[in-house]
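Novice: Below: one structure in structure tokens.
The values are calculated or read from the model by the stated rules, or taken from the named source; none is laboratory data. Fair warning: this is a prediction, and the values are worked out from it, not measured in the lab. Because the Cβ atoms are built from the backbone with ideal geometry, glycine has one as well, and the counts that use them run over all protein chains shown. Only protein heavy atoms, including side chains, enter the accessible area calculation; ligands, DNA and RNA are left aside. Shrake-Rupley method; radii C 1.70, N 1.55, O 1.52, S 1.80 Å.
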Amino acid sequence: MVDAGFFFRESSMQSKMNIILHLTALLLLIIISNVAIDKSQGHRYCSPLANTSYCTNSSSHVDCREHSCKAYSCILQSPGCSCMIASYNCSSSCNYEAPPNFCSCTADTCLCLNDMMNTLNSTSGNLTAEDIVNFVDRIANMAGLMSTEVAENFLKIVDATQVKVSELVSAEDKSKLVSYGNTYLKVSERLVSALVTPTQTHNWLNISLSNTEGKVFMVGPQVTLENIPRLDTTHSSVDIDLIGIAKNNNERSAAVAFMSYNTMENLLKPDFFNTSNDTIKTMMSTVISATLPKTTNTKLTKPVNFTLKHIREFDPSGSLFCVYWNISEWIVDGCSVLKTNSSYTVCSCDHLSTFALIMQTSRRESESDSLMELLNLVCVIVGLVFFSLALLSFALCQWSPGVNNVARINICISLLLAHLLFLLTQRFLSLIRPQQVRLMKEGERDFT
């Protein structure tokens, strides 16, 4: 007699064994299928370079064809998105077929930088400032997708276009000058931010282009420096407590980017410093900027000091102002002159931004001084002529024997010599004034 309980247990074990066998066979089939797919042309999955979305979904989009695929890594913007589109060879391994292209996409179209560059090159003779700035603005929007190498290349391109834009735009068109200047500041800041890489201790890099200089300094959680070295360019330098800023961040890391723009004053003109209309404004330094890229907490621990070399002759009668760029004008809020001489000025600011040194001189005083100098010269020369005639008259003409002309002659000689001395003194002062300025510059090197 067969035990029913034993039969039931045996049947149950048999069912479990069958399930396990089926699962094992299914898993083996999946593995074999994956291997076959992996080795077959046109079906290999090519991973995008960034784990970002293609406008709508949460994963990067991959569009595969027979022998290649395109990977889209995108960042959302309003409207549309900016995407990095890379072509890959899918036959054996995921390698580039072509360098990645950076595109600004909407629901219908994608406008790509490579295509824009080709268009600009083919129509270089008919380029407008707006065409170039639109291209630069596209670069700014796509900087977040770029590797350090790609960002370096585009930084060179942007730097090369800046002078061309300033030549094409009218010097009287303030709205365009302001707009274009803001665009170049934005793209430079974003491209330089793409050059910042994480570090455990500290690291730095130098930027030296035709119209732009800069230094980027990065510190990490294991930095042993008590203070970072002074960051300097040809015409400026900055002292900043980057170590203290890093300590205030949870990651215990921070980075500072210090840039000097040699031709930015052609766009952000000193006349945008809104003061009295009867003054002359002169840009006395290169335009500089200081930012804290990829740093969470950007609050300063102490004021930042900038040393700005004078790029034009200093007028002792003028007033110097440390200013920063605020969207559409130069203003002085939060900045002050700490120390100055004929060669350098040290500015102290309680925030980071784009800075410059502007000298303001009185237009009316300058015109009045020139007129007064001319009037003095004419009067002295006229006086010399008449005193010479009077002296000749008293000396050569015969007078009554009872009249003594010695006193009159002495007076004429004295006044003639006084006028002549005054004339020579003015001429001497005009000759030695440049020498005085030169000696002051040579004697005041304590800023270096």
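Novice: Considering only residues of the range 308-333 that are touching a Phe, Trp or Tyr at 6+ places or on another chain (Cβ under 6 Å) and not aliphatic (A, V, I, L, M), which is farthest from Lys176 (Cα to Cα)?
Specialist: Lys309
Novice: Now a separate question. With the condition kept exactly as written, say whether any residue in the range 194-207 is within 30 Å of Thr128 (Cα to Cα) and surrounded by fewer than 20 Cβ atoms within 10 Å (Cβ to Cβ).
Specialist: Within the range 194-207, not a single residue is within 30 Å of Thr128 (Cα to Cα) and surrounded by fewer than 20 Cβ atoms within 10 Å (Cβ to Cβ).
Novice: Here is a further query. Identify the single condition in (1) open to solvent by 30 Å² or more (accessible area, probe 1.4 Å); (2) under 27 Å from Leu145 (Cα atoms) that Ser175 does not satisfy, given that it satisfies every other one.
Specialist: (2)
Novice: Please verify whether Thr298 is among the polar types (S, T, N, Q), over 20 Å from Val346 (Cβ atoms) and touching a Leu at 6+ places or on another chain (Cβ under 8 Å), treating the condition exactly as stated.
Specialist: Yes, satisfied.
Novice: Phe355 versus (1) on the phi > 0 side of the Ramachandran plot; (2) surrounded by 15 or more Cβ atoms within 10 Å (Cβ to Cβ): which is the lone unmet condition?
Specialist: In the conditions (1) on the phi > 0 side of the Ramachandran plot; (2) surrounded by 15 or more Cβ atoms within 10 Å (Cβ to Cβ), Phe355 misses (1) alone.
Conditions tested, residue by residue: (1) closer than 25 Å to Asn326 by Cα; (2) open to solvent by less than 20 Å² (accessible area, probe 1.4 Å).
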{"residue": "Asn114", "(1), (2)": "no, no"}
{"residue": "Asn118", "(1), (2)": "no, no"}
{"residue": "Val136", "(1), (2)": "yes, yes"}
{"residue": "Thr148", "(1), (2)": "no, no"}
{"residue": "Glu152", "(1), (2)": "no, no"}
{"residue": "Gln162", "(1), (2)": "yes, yes"}
{"residue": "Glu167", "(1), (2)": "yes, no"}
{"residue": "Thr212", "(1), (2)": "yes, yes"}
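Novice: Would you pick out the residues in the range 283-301 that are in a strand (DSSP E or B) and either at pLDDT below 95 or of a type in the set (Gly, Ala, Ser) (or both)?
Specialist: Selection gives Ser289, Ala290.
Novice: Taking the range 302-327 as the search range and keeping residues that are hydrophobic (A, V, I, L, M, F, W, C) and assigned to a strand (DSSP E or B), which one is farthest from Ser342 (Cα to Cα)?
Specialist: Applying the filter and picking the extreme gives Trp325.
Novice: Exactly one of (1) out of contact with any Pro (no Cβ under 9 Å at 6 or more places or on another chain); (2) at pLDDT below 95; (3) not in a loop (DSSP other than H, G, I, E, B) is unmet by Val150. Its number?
Specialist: Answer for Val150: the failing condition is (1).
Novice: Give just the number: which of (1) of a type in the set (Ser, Thr, Tyr); (2) in contact with a helix residue (DSSP H, G or I) (Cβ under 8 Å, 6 or more places away or on another chain); (3) under 16 Å from Asn266 (Cα atoms); (4) free of Cβ contacts under 8 Å to residues at least 60 places away in the same chain does Tyr184 not satisfy?
Specialist: Going through the list (1) of a type in the set (Ser, Thr, Tyr); (2) in contact with a helix residue (DSSP H, G or I) (Cβ under 8 Å, 6 or more places away or on another chain); (3) under 16 Å from Asn266 (Cα atoms); (4) free of Cβ contacts under 8 Å to residues at least 60 places away in the same chain, Tyr184 breaks only (4).
Novice: Given the structure, is Ile280 in contact with a strand residue (DSSP E or B) (Cβ under 7 Å, 6 or more places away or on another chain), in a strand (DSSP E or B) and surrounded by fewer than 20 Cβ atoms within 10 Å (Cβ to Cβ)?
Specialist: In short, yes.
Novice: When the range 256-282 is examined, which residues are found to be of a type outside the set (D, E, K, R) and over 16 Å from the mean Cα position of the chain (by Cα)?
Specialist: Scanning the range 256-282 gives Pro270, Phe272, Phe273, Asn274, Thr275, Ser276, Asn277, Thr279, Ile280, Thr282.
Novice: Separate question: State yes or no: is Leu268 among the hydrophobic types (A, V, I, L, M, F, W, C), assigned to a loop (DSSP other than H, G, I, E, B), surrounded by 21 or more Cβ atoms within 10 Å (Cβ to Cβ) and in contact (Cβ under 8 Å) with a residue 12 or more places away in the chain?
Specialist: yes
Novice: Another question about this same structure. For the range 214-232, give me each residue that is closer than 18 Å to Thr296 by Cα and either of a type in the set (Lys, Arg) or open to solvent by 60 Å² or more (accessible area, probe 1.4 Å) (or both).
Specialist: Across the range 214-232, the qualifying residues are Pro221, Gln222.
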